[in-house]
Amino acid sequence: MEEPTMRVSRTRLAFAMVIASVLSTAVTAPAHAAEPPQFTVVNGALRTATGMPKPASGVHASLWGNTSYATTMITGSGRVQIGAIGDNCQGWPTVQVTVDGTVVGSTTIVSATQYGTYPVGPALAAGTHAVKIQFVNDFSSSACDRNVHISYAKMENVVTDTKFTFAVMPDTQQEVLNASDTRFLNRTNWLVNNRSALDLRFVASSGDVVNWDTPDHSQYVVARNAMRPVETAGIPYSLAIGNHDTQATGVGGSARDPAHTRELVRDTTVFNSYFTAGQYRAVSGQFEAGKVDNNYSTFSAGGAQWLVLTLELWPRVEAVNWAKNVVAANPHSNVIVVTHDFIDGNGNIEQSASYGATSPQYLFDNLIKQYANIRFVFSGHVGVAGSRVDTGVHGNKIYSFLQTFHSNTTNPVRLVEIDTAAESLHTWIYGPFNNQTFTEYDRTISGIGVVR
């Protein structure tokens, strides 16, 4: 039993945190926010989500006392399922679930990092139900504080739209040479305008976003302006960094300083001044603070979790080791690896590290084939387009796709449609600038093995 003075202190702290949260939201909320929060909270607060997978709203309902509860409406039939994380303080938190005014059961939350899923109570008839989730075993001491954070509530048989699409942009370096070239912007506008028809959930790039840096950074300005429609629409994205996006490449595409190319390929200062994790929207972690060279983003689609792992070109061993930890920590996510150089135009894994640290073959041997939940790899750099299929050490299939193009006439984009119910993939390449199709690169694959 807490002393009354402790409860007063925690209440004041909670109130201060709510005020801080409101002020922070008022200052930093983007013009086009994420999905609205699912819950209304009493004697608690909506706070930035810290567990995985991140809810679409970006927040969870934090409950910190026995009078704290969250309410929502859910539609469907079957058992109520909740997703939550908890703070262990001499035991895990327990919540009681009430549906339509009747207590249906309780469950104990046993993870501090992964949201649910926790089914509670008997199966319910089809309909719209009022759900209340209440914290019931509050405890604190001078060393710790037991709390619970609710990410979602749903019915277990909710019908899921199993089809969605993500896009992979190729090397756009030929599209940024002058401000009058509208191909890059035309592509992103087309993606935004067709977002609903495609059910577009993520936009990736395989690198060489620009061709070379200039004193006025004019090519970065073109690229930055071209990505704004995607940001304004609230579509998460991530751009891989190619050799042309580093200070290793000088005017005309040649080496800026041949004696220091290996050092300069890791100088991405300008790139990181134009593109940040905040602009990408869904970044859940970075290898180096303040740099997007190596990062991972997460999203939910088709009733499954997805993780886009964007890696630097010919990555350092330390970056590969970081990536291994990320994949290992997210075993229930379907991993999509994006890096600038992986396969060539004939579908062969590249063998040279060139002026980087490790080769694509090293990346395959030490990361890509080692984890059962790595599903796809996308790259550019060489050739035009291609694909290959490999088998990982756990027997899982790994599908790799190349899209480079270096087009001077149109603006290709690879579209990848996933059907999680059919366990299938369909990918095609389209140039919206002149309505050009590239049917020779269409691929349909069944049995992709979606991780759930």
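Some points to look at:
- Reciprocal of mean inverse Cα separation for the chain (Kirkwood radius, Å): 23.6
- Rounded tilt (10° steps) of 4-28 against the dominant C-alpha axis of the chain: 30
- Set of aspartates and glutamates with alpha-carbon distance to Lys324 below 12 Å, sequence-local pairs under 8 removed: Asp365
- For Ala143 and Val103, a Förster radius of 30 Å and the Cβ-Cβ distance give a FRET efficiency of 0.40, rounded to the nearest 0.05.
- Each label was represented as a point 7 Å from its Cα along the Cα-to-Cβ direction; for Ala130 and Asp267 these points are 6.5 nm apart.
- For the listed peptides 51-62, 193-204, 386-397, a ranking on the average number of other beta carbons within 10 Å per residue, highest first, reads 51-62, 193-204, 386-397.
- Of all accessible heavy-atom area on the chain, the percent that carbon and sulfur account for (1.4 Å): 53
- Across segment 247-401, Cα pairs under 8 Å and at least six residues apart give a relative contact order of 16 percent.
- Three-way shape label, segment 138-276, alpha-carbon gyration tensor, a/c 1.5: oblate
- Rounded, prolate or oblate (a/c below 1.5 giving rounded, otherwise prolate when a/b exceeds b/c) for segment 26-160 by Cα gyration tensor: oblate
- Summed over the residues of segment 172-290 and divided among them, the accessible surface reaches 38 Å² per residue at a probe radius of 1.4 Å.
- Estimated 222 nm signal from helices in the chain, with DSSP H stretches of n ≥ 4 weighted -39500 (n - 2.57), rounded to 500: -5500 deg cm²/dmol
- Acute angle (nearest 10 degrees) that the helix 183-193 long axis makes with the longest principal axis of the chain, alpha-carbon atoms: 30
- For segment 355-452: relative contact order, % (alpha-carbon pairs under 8 angstrom, 6 or more apart): 20
- Take every Cα pair under 8 Å whose residues are at least 6 apart in sequence, average their separation, divide by the length of segment 77-175, and the relative contact order is 40 percent.
- Tensor-based shape of segment 346-408 (alpha-carbon gyration tensor, a/c under 1.5 rounded, otherwise prolate or oblate): oblate
- As a rough guide to protection, the peptides 295-303, 346-354 ranked by mean Cβ packing within 10 Å, highest first, stand as 295-303, 346-354.
The values are calculated or read from the model by the stated rules, or taken from the named source; none is laboratory data. Note that the coordinates shown come from a computational prediction; the quantities given were computed from them, not determined experimentally. Virtual Cβ from ideal backbone geometry, glycine too; neighbours counted across all protein chains shown. Quick note on the areas: whole protein, heavy atoms, side chains included, nothing else; ligands and nucleic acids left out. Shrake-Rupley method; radii C 1.70, N 1.55, O 1.52, S 1.80 Å.
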